[in-house]
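Heads up: the structure comes next, in structure tokens.
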């Protein structure tokens with residue numbers, strides 16, 4: 001089943017019951033699989049109200065208390081908003097997106113804002129769901145939160161962004177500084193949820209998860225950690241955690257934790273020598289055949305690095321610029337030979353005939 005590309009504005013009837021514009025809720029014994037809810041727009045900013053408040057309970061709800069055969073529901077690329085016309089209240093009382101006793105639901109890439117109880121809510125044992133890459137704006141009022149996991153476990157909650165709309169009335173922002181809260185209120189425990197790589201514009205509280213990030217530091221309440229000597233701290237701003245300054249890092253030349261062949265570790269300090277590389281045993285060394293070999297490769301020419309050096313082949317003490325000891329010098333190319341220079345500066349090539357006779361022929365000097 002596919003529910004897509006719908007535009008729903010001002011939902012509800014003041015005289016009618018509470019409503020959910022898109023409600024996926026199977027009957028007892030039903031099988032619910034492969035439901036796709038995408039590209040829908042729900043705008044409850046002028047939705048129905050009665051004397052008790054808004055009639056819109058949630059924007060999109062996926063509920064599964066009536067069946068155990070429930071999975072593979074995809075809720076993606078929807079927009080749900082519930083602000084009042086002057087941004088001083090919420091016209092969706094619960095979650096913009098609500099999962100209740102739901103399993104195997106993939107909530108991805110949605111844009112939700114101004115929902116009272118929370119932007120995205122999982123409760124009543126909503127387990128094994130994915131909540132990925134959603135934008136949650138100005139949702140959740142005190143003591144509720146922007147992203148609530150209540151009595152639900154084994155969910156993957158990653159890459160979500162939480163922010164506050166600047167048009168929102170200041171008094172409504174009280175609970176929106178909480179990225180995610182796990183609690184065990186409605187139906188059992190909340191456990192083993194993978195919550196990481198989420199980003200918030202305001203302080204991160206609740207949940208005890210350490211792999212989420214602030215876009216900007218909180219304006220107050222953060223405690224700078226001067227160093228880690230006997231430091232007692234955690235990752236919750238409200239509980240005394242805070243920012244670690246660069247001055248608190250030890251940057252001295254300590255080699256204790258350098259990498260070695262027996263353990264992982266830090267790279268040893270660079271030697272400021274471009275002729276060396278970091279070897280597999282964790283030490284800096286000159287590569288074999290590098291500048292220490294005595295030769296320099298200029299591209300098309302390989303030469304002695306030091307012009308006054310001599311080359312010895314088969315000897316360590318050459319008596320001439322080139323000395324070969326223990327074997328022959330072999331010129332393989334016919335017509336080639338040894339070029340010698342005469343006292344007057346002329347050049348001659350010595351070659352040998354088929355009879356073994358040597359001859360010298362004048363040539364241009366190289």
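What follows is calculated from the coordinates using simple rules that are stated; it is not laboratory data. Since the structure is predicted, the reported quantities are computational estimates derived from the model, not experimental observations. Note: ideal-geometry Cβ built from the backbone for every residue, glycine included; neighbour counts use all protein chains shown.
Label positions at residue 322 and residue 297, each projected 7 Å from the Cα along the C-beta direction, are separated by 2.0 nm.
Ordered by the number of other Cβ atoms lying within 10 Å of each residue's own Cβ, fewest first, 307, 184, 94 fall into the sequence 307, 184, 94. Full extension of the chain between residue 344 and residue 77 gives 87.1 nm of extra length, using 0.36 nm per residue less the Cα-Cα distance.
Could you tell me whether the range 38-109 comes out rounded, prolate or oblate from its Cα gyration tensor? Rule is a ≥ b ≥ c as square roots of the eigenvalues, rounded for a/c under 1.5, then prolate if a/b exceeds b/c, otherwise oblate. Oblate is the answer for the range 38-109, as a/c is 1.5 or above yet b/c matches or exceeds a/b.
Put in line by how crowded their Cβ is, counting other Cβ atoms within 10 Å and starting with the fewest, 269, 55, 276 read 269, 276, 55. Summary of packing: across the peptides 81-90, 28-37, 297-306, the per-residue average of other C-beta atoms within 10 Å ranks them, highest first, as 81-90, 28-37, 297-306.
In this simple spin-label approximation, residue 28 and residue 6 carry label points 7 Å from Cα along the Cα→Cβ vector, and these lie 2.6 nm apart. Residues of the range 152-166 falling in the label zone of residue 86, defined by backbone nitrogen less than 19 Å from a point 7 Å along Cα to beta-carbon, are 165-166.
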